[in-house]
Amino acid sequence: MAEEAARRAVAELPLLRTAAGPRDREGWAPRLKEEYRALIQYVENNKRADNDWFRLESNAEGTRWFGKCWYVHELLKYEFAIEFDIPVTYPSTAPEIAIPELDGKTAKMYRGGKICLSDHFKPLWARNVPKFGLAHLMALGLGPWLAVEIPDLVAKGIIQHKEK
């Protein structure tokens, strides 16, 4: 069911066309506009579906992103700061999202709190370069990761709701 919901969410996202990264002075601005359009569309779609779960913003160059994400489990909202940099080889290489406060709390995470997306998401990203962007990263990367990891971390007592 969750997989089908993810497919529907992604099907409603615009595919990106510009194959440019931050090193491409001419192509980065149009790519960044496409990224913002797709992110705005994704957030609007989520709000309409009562599934609002993240906020993102970037530095002026669009190379460093940061914000908040949250996951509701058993009617309790767990909120986390997120951050990532756009790799110099973007869009060929997907960004690595970090949730610093969860660093070391799960095996599905690398040093520095970077979430593990290598098995499922990165091959999908590679097949869809340059059509996938940051909205796809959120929908197919961070969203499913949170859905699997947060309930597990709560069940194991590794994380607790802030009000407890």
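Starting from the Cα coordinates of the stretch 80-122, work out the convex hull volume and express it per residue in Å³.
On the way: hull volume 3.2 nm³, N = 43.
Enclosed volume per residue, from the Cα hull, is 74 Å³.
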Subject >> Mean accessible surface per residue for the stretch 5-110, computed with a 1.4 Å probe while every protein chain stays in place, in Å² >> reply: 58 Å²
Original post:
Residue-wise, which Karplus ³J(HN,Hα) couplings in Hz belong to the stretch 42-55, taking 6.51 cos²θ - 1.76 cosθ + 1.60, θ = phi - 60°, and x for glycine or proline?
Top reply: 5, 5, 4, 4, 4, 5, 4, 8, 6, 9, 6, 9, 7, 9
Subject >> Percent accessible area from carbon and sulfur atoms, the stretch 81-164, protein chains only, probe 1.4 Å >> reply: 52 percent
Original post:
What are the residues whose amide H is under 5 Å from the amide H of Glu96, where those residues sit 5 or more places off or on another chain and H is modelled from the backbone?
Top reply: Asp85
Subject >> Vicinal HN-Hα couplings computed from phi for the stretch 137-145 (Karplus, 6.51 cos²θ - 1.76 cosθ + 1.60; Hz; Gly/Pro x) >> reply: 4, 5, 5, 9, x, 5, x, x, 4
Original post:
For the chain, what is the calculated [θ] at 222 nm in deg cm²/dmol (nearest 500), taking -39500 (n - 2.57) for each run of four or more DSSP H residues and dividing by its residue count?
Top reply: -11000 deg cm²/dmol
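At 1.4 Å probe size, with the rest of the protein present, what percent of the exposed accessible area of the stretch 7-62 is carbon and sulfur atoms?
On the way: 1750 of 3690 Å².
C and S atoms contribute 47 percent here.
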Subject >> Longest to shortest principal axis, alpha-carbon extents of the stretch 53-136, angstrom >> reply: 37, 31, 24
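For each pair in Lys122/Lys162; Lys131/Lys156; Lys47/Lys122; Lys33/Lys77; Lys33/Lys162, compute the distance between the two Cα atoms and list the pairs where it is over 29 Å. Working shown, then result.
Working: Lys122/Lys162 32 Å; Lys131/Lys156 38 Å; Lys47/Lys122 27 Å; Lys33/Lys77 31 Å; Lys33/Lys162 36 Å.
Pairs exceeding 29 Å: Lys122/Lys162; Lys131/Lys156; Lys33/Lys77; Lys33/Lys162.
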Original post:
HN-Hα J couplings of the stretch 110-116 from phi, Karplus 6.51/-1.76/1.60, θ = phi - 60°, integer Hz, Gly and Pro as x?
Top reply: 9, 3, x, x, 6, 6, 7
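For Asp103, what charge total do you get from the other residues with a beta carbon under 10 Å from its beta carbon, if Lys and Arg give +1 and Asp and Glu give -1? Mind dumping the intermediate values first?
Working: positive: Lys105, Arg111, Lys114; negative: Glu101.
Around Asp103, the charge tally is +2.
How much length is gained if the chain between Trp70 and Leu15 is pulled fully straight, taking 0.36 nm per residue apart and subtracting their Cα-Cα distance, in nm to one decimal? Mind dumping the intermediate values first?
Working: separation 55, 0.36 × 55 = 19.80 nm, distance 2.52 nm.
Taking 0.36 nm per residue and subtracting the Cα distance, the gain is 17.3 nm.
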Subject >> Other-chain or far-sequence residues with amide H under 5 Å of Gly113's (modelled H) >> reply: Gly104
**OP:** Answer with a single label: of (i) 9.6; (ii) 14.3; (iii) 12.6, which was calculated as mean projected area of the Cα convex hull in nm² from the structure in view?
**Re:** (i)
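The values are calculated or read from the model by the stated rules, or taken from the named source; none is laboratory data. All of these numbers come straight from a predicted model, not from anything done at the bench. Every residue, glycine among them, receives a Cβ derived from its backbone with ideal geometry; neighbour counts consider all protein chains shown. Accessible surface areas use protein heavy atoms only, side chains included; no ligands, DNA or RNA. Shrake-Rupley method; radii C 1.70, N 1.55, O 1.52, S 1.80 Å.
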